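Written out below as structure tokens is the structure these notes cover.
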There are 2 protein chains.
Amino acid sequence: MKLIEARQQFISSWGAFGTHWGINRTMAQIHALLLISADPLTQDDMMEQLNISRGNTNMNIRELINWGLVERVLLSGERKEYFTAEKDIWKVVKRIVKERKKRELEPMLQLLDKLEEVEGDKRDKNVRIFVDMVSSIKKLGRQADKTLDMMIKAEESWFVGTMMKFFK
Amino acid sequence: MKLIEARQQFISSWGAFGTHWGINRTMAQIHALLLISADPLTQDDMMEQLNISRGNTNMNIRELINWGLVERVLLSGERKEYFTAEKDIWKVVKRIVKERKKRELEPMLQLLDKLEEVEGDKRDKNVRIFVDMVSSIKKLGRQADKTLDMMIKAEESWFVGTMMKFFK
DNA sequence: ATATATTTTCAATAATTTTCGAAAATTCGA
DNA sequence: TCGAATTTTCGAAAATTATTGAAAATATAT
């Protein structure tokens, strides 16, 4: 397979992959393109290589910056803005985990705290099953929260090395 | 907070939560409803409680069955079909992880295997960065795959207990 | 076998999300 | 300060995804 073709495939599957994870296709594709570009790119580079409009490009670059996955680069003597992606994939994963934890897991845990305090007679089967379900989800959620915190702090070598030994 | 209201909130946030994870709202809501229902429900029960159409209900129940999260229950003397959800939340998580691993992670790893074999001169910066990126994603992906396999096999007590000690 | 209850399908419609592209705003050099 | 280059915004259009509801299929009782 030629490089050109391989790059295309990488970009398009990264895009498809993203859509399974609540990330829109363009955002994932821009990210993919930057991941495999040796040098920083401009908006126009991306528009051209991905065949997308200026507005779309701009919006999704900014979103990637919000996620901490892409950053602006100033090239001396250039007027245009350049962008580059974090290439260390372990750092990328940690950033994504951190953001999603903050955006999704933490609010969910807060809600569960509230819901656990539902008023009602514990002899009512419906009350009991509700409280049990809420508290067991909460318990697992808190566990996941802690585990992810550790992962975020860990080094890749630690994860790959120690974790592997640990898991037989 | 009253039970009625708490249940409503649980269902609606579970639905919203699902949409961040590539699961459609109705499917997540049906699942939520079944999780907090003491007894099995019929399609009509769900239609009524969630205000959704028959077709939509039917379709999403079947999808939940495909995922292994819901099953049909035969109640003797009843003509209608009843449905119930797995209530052990650890089992639920494991099922979801297993399915998503199969549907998403494994195909991605297969693709990366192919892309790694791209032809081209290693002295070309673009070839080098592409191959490096693909192989480092692959490495991490394989690690995740193994880690998730272990998790799928593990007991909850093991996860919560040992894992916690391990993570300091 | 027929009537009735129940489930499933699927084409049409609705809702939502994504994308475009032109206009407005901003930046920067001269 | 002016004007060209560049970035950002945002309403409209397109694409995608979810939902409905009625008809068809299936199952069950009599």
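Per the Kirkwood formula applied to alpha carbons, the protein assembly as shown shows a radius of gyration over Rh ratio, Rg over Rh, of 1.02. Comment: the Cα-to-Cβ extended label point of residue A:88, at 7 Å, lies 4.0 nm from its counterparts in the other copies, nearest first.
Note: relative contact order over chain B, using C-alpha pairs below 8 Å and six or more positions apart, is 15 percent. For the residue pairs A:122/B:101; A:139/B:94; A:87/A:138; A:139/B:80, the C-alpha atoms sit more than 27 angstrom apart in A:122/B:101; A:87/A:138; A:139/B:80. Across the identical copies, the 7 Å label point of residue A:155, projected outward along Cα→Cβ, sits 3.5 nm from its counterparts, in ascending order.
Per 0.36 nm of contour for each residue apart, how much would the distance between residue A:145 and residue A:96 grow if the chain were fully extended, relative to their Cα-Cα spacing? Working shown, then result.
Details: separation 49, 0.36 × 49 = 17.64 nm, distance 1.39 nm.
Additional length available on full extension: 16.3 nm.
Each of A:25, A:103 was scored by other Cβ atoms within 10 Å of its Cβ. Listed from fewest to most, they are A:103, A:25. For the stretch B:31-96 versus the stretch A:74-146, the spacing of their alpha-carbon centroids is 25 Å.
Per residue of A:3-10, other chain Cβ atoms within 10 Å of the residue Cβ number 5 on average. Placing pseudo-labels 7 Å out from each Cα toward the beta carbon at residue B:44 and residue A:155 gives an inter-label distance of 6.5 nm. Each other copy places its own label point for residue B:9 at 5.0 nm from this one, sorted shortest first, where the point lies 7 Å along the Cα-to-beta carbon line. If only the Cβ of Lys and Arg carry +1 and only the Cβ of Asp and Glu carry -1, the dipole of the stretch B:9-168 around its Cα centre is close to 540 debye. Couplings 3J(HN,Hα) for the stretch A:56-73, derived from phi with the Karplus relation 6.51 cos²θ - 1.76 cosθ + 1.60 (θ = phi - 60°), are 4, 4, 4, 4, 7, 4, 4, 5, 5, 5, 4, 6, x, 9, 9, 9, 6, 10 Hz, where x marks Gly and Pro.
With both labels modelled 7 Å from their Cα along Cα-to-Cβ, the residue B:73 to residue B:135 distance reads 5.4 nm.
Throughout, read-outs are computed from the coordinates displayed, never taken from laboratory work. Note that the structure is predicted; figures quoted are calculated from it, not measured. Glycine gets a Cβ as well: all are built from the backbone with ideal geometry, and neighbour counts include every protein chain shown.
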